[in-house]
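Step one of this worksheet: look at the structure below.
The values are calculated or read from the model by the stated rules, or taken from the named source; none is laboratory data. Owing to the predicted nature of the structure, the values given are computational and were not obtained by experimental measurement. So basically every Cβ, Gly included, is an ideal-geometry build from the backbone, and we count neighbours across all protein chains shown. The area values use the complete protein model at the heavy-atom level, side chains included, leaving out ligands, DNA and RNA. Shrake-Rupley method; radii C 1.70, N 1.55, O 1.52, S 1.80 Å.
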Amino acid sequence: MQEPTFLILTALAAGPQHGYGVITDVEGISGGRVVLRAGTLYAALDRLRAEGLIESEREEIVDGRVRRYYRLTGEGATRLSAEADRLTRHATAAVTRLRQGFSTAWGLS
Amino acid sequence: MSELEARYRRLLEWYPRAHRAVHEEEMLGVLMASAEPGRARPRLADSADLIRGAILIRLRTAFGAESGPSWRRAFGLAGLVAALVLTGEQIGNAINAWIYGFDRWSGAIASAVALASVLIVVLIRYAPRWPAVAATWAWSGGLIAWNLSMLLPLDFSGTYSFSSSQLLPVVLMLTPYALTALLVTFRVERPAMPYRRMLGWTALFAAAVVPQNLSLGLLGYEWDTVLLMPPLTVVAVAAGCAARSASGRRTILLAAAPVGLLAGFDLIVLVMTGSWLFGWLGLLIPAVVMLVVARRGSRVPRAGVPEAGRG
């Protein structure tokens, strides 16, 4: 799973959000490193909806424009959870190896 | 509407119409909310990102998993459409053979060929896949062999002035037969086309083929283009109507080569032999007709319409 996809699903994990909400949330989650633009966001939303990972929840009219809220589906939550587990395992392995390397270098083991 | 919004709307025209109908206002809301105050033009990066997103969505709509049913319908229809055009041409040729035939056999032979083609169309439309495929290949092979036996002894150089090879017109002429059989081979599901529509378009195409024989020297070689155009124009109108549906657009893509070669052969020959203006005009006008018919008949779905039928 690519990073923007992971971050979009993460943004929707706590509850439904509209497009602009996803953009600001992704920026916050990534510490300002990933700033989604509208074209990228809606291409991703279109793909994720086609894959059954998200769905639109409701619409409201704000300033004469439709604002659509998206939410994770059960399948989307499962995929995000599996991806988060995988990344956690990799991160844990990386930290463990770094500690081992540090210990070996300083003759602590 | 602000200048910035108008510019964003123009960029959103890159997106598929069905996508725009559902998401345009929503995307505009996001774009306007993201823009810094006072900005009149979209940033270059935003413009590029919108175009890239539109291309991705168009590609997914055209070839993604959701498009599977449309492609299956299109593969079913493409072989039938090519066979219908071939049959229409042969019916037109049979009528011409009865009118202008040099001997009493020419009309009878042309009619028998047309009748065999009608039978093949019926098989493609109603028979199970493999009997239809076998019959179409046998028919296609027979037509190629028969046409070769008549065409190869002819000398085209006086008529067409081909500078490269005389084989080219023969190949162009016979390729549609093989392509039609190939399309029928990939038919996964039986083509769904009402028989009245089949009859109507085929009759119209056959009628459009008939005047071609009037062209021999009557108006001068290049002005004869006008008489060569009706078959391709009939095909263009039919394609314009078909272009309004997802499976229709895919059918056009699949059947374009055999149908284009069949209906536009004489015009292609005009282009190849150096009659650029008349040849290209003859090809270009039906293409414009197709676009106009497709555009006039397409309905824009309103926001909130389910997205399942797009593509």
Query raised in the report: Quick one: what pairs do we get from region B:187-200, first residue more than 17 Å from B:Ala242 (Cβ to Cβ), second assigned to a loop (DSSP other than H, G, I, E, B), C-beta under 9 Å, 6+ apart or different chains?
Result: B:Arg190/B:Ala127; B:Arg190/B:Pro128
Requested in this report: Evaluate region B:46-63: report whether one residue or more is more than 9 Å from chain A (Cβ to nearest Cβ) and at pLDDT below 90.
Outcome: yes
Report task. Check region B:37-45 and report whether any residue there is assigned to a helix (DSSP H, G or I), more than 8 Å from chain A (Cβ to nearest Cβ), hydrophobic (A, V, I, L, M, F, W, C) and open to solvent by less than 60 Å² (accessible area, probe 1.4 Å). Result -> no
Query raised in the report: Do we have B:Val300 as in a helix (DSSP H, G or I) and either surrounded by fewer than 21 Cβ atoms within 10 Å (Cβ to Cβ) or at pLDDT 85 or above (or both) here?
Result: no
Query raised in the report: What number of residues in region B:17-62 are touching a residue at least 24 places away in the same chain (Cβ under 8 Å), over 28 Å from B:Ile252 (Cα atoms) and β-branched (Val, Ile, Thr)?
Result: 0
Query - Unique match (being touching a residue at least 40 places away in the same chain (Cβ under 8 Å) and of a type outside the set (Phe, Trp, Tyr)) among A:Ile29, A:Ile61, A:Ile23, A:Ile54 - result: A:Ile54
Query raised in the report: Hey, among the residues in region B:77-86 that are in contact with a Pro (Cβ under 9 Å, 6 or more places away or on another chain) and open to solvent by 10 Å² or more (accessible area, probe 1.4 Å), which one's farthest from the other protein chains (Cβ to nearest Cβ)?
Result: B:Val85
Report summary line: Counting only residues in region B:87-115 that are open to solvent by 60 Å² or more (accessible area, probe 1.4 Å) and touching a residue at least 60 places away in the same chain (Cβ under 8 Å), the one farthest from B:Ala206 (Cα to Cα) is identified as B:Tyr100
Query raised in the report: Are any of the residues in region B:64-76 touching a Leu at 6+ places or on another chain (Cβ under 6 Å), more than 9 Å from chain A (Cβ to nearest Cβ) and among the aliphatic types (A, V, I, L, M)?
Result: yes
